[in-house]
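Visitor: Quick one: this structure, given as structure tokens, is what I'll be asking you about.
The values are calculated or read from the model by the stated rules, or taken from the named source; none is laboratory data. It should be emphasised that the depicted structure is a prediction, and the values quoted were computed from it without experimental measurement. Backbone-built Cβ (ideal geometry, glycine too); neighbour counts: all protein chains shown. Side chains included, ligands, DNA and RNA excluded: accessible areas come from the protein's heavy atoms. Shrake-Rupley method; radii C 1.70, N 1.55, O 1.52, S 1.80 Å.
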Amino acid sequence: MFRRDPVRAALQDLGGVLDRDLTQLRPLLRAALPGGGVIAAARDGRQVIVPLNLSPGLTGEDTPFELASVSKPFTAALAGELVRAGRLDWHAPLSALGGPLRGVPRTVTAWRLATHTAGLPTHPARAALTVLTRYHDPYGGMDARAVLDSVRRWAGPPGRFRYSNLGAGALALGGAVAAGEPCSAAGYGQALRRFVTGPLNLTVTLDPPRLSGLAGPPTGFGPLTGAGGLFASPGALLAFAQAHLDGRLGDHWVAAQRPPGRPAGLEVTAGWLARGPLRWHDGVARHARAGLAFHAGTGAAAAILARGGEPLLGCRALLTHLLLRLLE
């Protein structure tokens, strides 16, 4: 008896929802998820979630995965909701929130942090030392004060695109303060539940789940949890994308800009990379990769959650390439 090719079947199921023939993506899908994972899509009220080579007992649909930098759109959404609630101003100095944010340079604003144009380095300086000594928890030796001290010390002239975990983590801490929560990763989590995931009824957590799609220990982000420390299922990601498309999360993601230093052919907006009507973000952790995208023209969304980090050899960013090919 011949068994159905799971990759071909996955693309047929995805194509049925996205109204596209995706058979030509078979080689790309095989290469992008060699360790297994989940690929999901939604459009016009239809949804499909397809597990590939997961461990027994993991269905994929409700299995939480490590989001890595796909956490950043959630942090931007929190900032957007706080702006709509009158608790935060996109373009005011973050220091205007007072408290632990006093002393942050006045050039650092929520919008610049969300678009990686605040003049901050990619990581706090000490992360260059801990990436080997604390491989699975490179920021774990820091606290919120150390993060904000790093912002104060290293903020340069704003305007140029420089992808920054430090900036996204600082935005999350600012969001916690604006929401009236403690200036900490836990405070960020509480603010996120109050203003974003709770109202949308999404299960998104800062705590590594016991049963998950992880292929190894999760990557700790410590006080920079807003840059990469969230966990969620593919269904929660599709619902989060839909909340952008139907307006429940406002319009912070609509206006894209072209700052110097951005990757060629791309634009940026709060929490997302952009190209025309496409919005997406991808992320890489030690043992996981993630991607989420949606198309403002067609209303389609796609999510990929993969076991295993980026390969040491061969082509990188295959997951992102596959994600965009699903929607383009």
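Visitor: From largest accessible area down, sort Ile49, Ile304; use a 1.4 Å probe on the protein chains. Intermediate results must be reported in sequence, preceding the final value.
Guide: Details: Ile49 30, Ile304 0 Å².
Sorted by accessible area, descending: Ile49, Ile304.
Visitor: To the nearest 10 degrees, how steep is helix 234-245 against the longest Cα principal axis of the chain, on a 0 to 90 scale?
Guide: With both axes taken from Cα atoms, the answer is about 60 degrees.
Visitor: Using a 10 Å cut-off on Cβ atoms, rank the peptides 219-231, 78-90 from the highest mean neighbour count down. Don't skip to the end; give the middle numbers.
Guide: Numbers: 219-231: 25.8, 78-90: 19.8.
Peptide ranking by packing, descending: 219-231, 78-90.
Visitor: Oh, and also: Which angle from 0 to 90°, rounded to the nearest 10, does the C-alpha axis of helix 318-327 make with the longest principal axis of the chain?
Guide: 70 degrees
Visitor: Please report, as a whole percent, how much of the solvent-accessible surface of the chain comes from carbon and sulfur atoms (probe radius 1.4 Å). All intermediate terms of the calculation are to be shown ahead of the outcome.
Guide: Values: 7290 of 13710 Å².
So the carbon and sulfur contribution to the accessible surface is 53 percent.
Visitor: Can I ask one more? [x] -0.26, -0.77, -0.91; [y] -0.39, -0.84, -0.93; [z] -0.44, -1.01, -1.09: which one is log10 I(q)/I(0) by the Debye sum over Cα atoms at q = 0.07, 0.12, 0.13 Å⁻¹ as calculated from this entry?
Guide: The listed entry that was calculated here is [x].
Visitor: Quick check: residue separation of Arg152 and Arg30 times 0.36 nm, minus the Cα distance between them. What number comes out in nm? Mind dumping the intermediate values first?
Guide: Values: separation 122, 0.36 × 122 = 43.92 nm, distance 4.46 nm.
Taking 0.36 nm per residue and subtracting the Cα distance, the gain is 39.5 nm.
Visitor: What is the stretch 214-289 by shape, rounded, prolate or oblate, if you read a ≥ b ≥ c off the alpha carbon gyration tensor as root eigenvalues and call it rounded for a/c under 1.5, prolate for a/b larger than b/c, and oblate otherwise? Don't skip to the end; give the middle numbers.
Guide: Values: a/c = 2.14, a/b = 1.39, b/c = 1.54.
In terms of gyration-tensor shape, oblate.
Visitor: A further question follows. Expressed as a rounded percentage, what relative contact order does the chain have, with Cα pairs under 8 Å and six or more residues apart? Before the final figure, lay out each step's value.
Guide: On the way: 717 pairs, mean separation 78.1, N = 328.
Relative contact order for the chain comes out at 24 percent.
Visitor: Which length gain, in nm to one decimal place, applies between Arg102 and Leu54 when the Cα-Cα distance is subtracted from 0.36 nm times their residue separation?
Guide: Working: separation 48, 0.36 × 48 = 17.28 nm, distance 4.72 nm.
Residue separation times 0.36 nm, minus the Cα-Cα distance, leaves 12.6 nm.
Visitor: Quick check: the angle from helix 71-84's long axis to the longest principal axis of the chain, C-alpha only, nearest 10 degrees?
Guide: Rounded to the nearest ten degrees, it is 60.
Visitor: Rounded to the nearest 0.05, what FRET efficiency do Asp143 and Leu266 give with R0 = 30 Å and r taken as the Cβ-Cβ distance? Could you check? Mind showing how you got there, number by number?
Guide: Working: r = 34 Å, r/R0 = 1.12.
Efficiency computed from Cβ-Cβ geometry: 0.35.
Visitor: For Asp5 and Asp62, compute 0.36 nm times the residue count separating them, minus their Cα-Cα distance, and round to one decimal in nm. Numbers along the way, then the final one.
Guide: Details: separation 57, 0.36 × 57 = 20.52 nm, distance 2.34 nm.
Between Asp5 and Asp62, full extension yields an extra 18.2 nm.
Visitor: In square angstrom, what is the accessible area per residue of the chain with a 1.4 angstrom probe?
Guide: Numbers: 13710 Å² over 328 residues.
Using a 1.4 Å probe on heavy atoms only, each residue of the chain averages 42 Å².
Visitor: Any idea how far apart Arg160 and Ala296 come out in nm if each label point goes 7 Å out from Cα toward Cβ?
Guide: Spacing of the two 7 Å Cα→Cβ label points: 2.8 nm.
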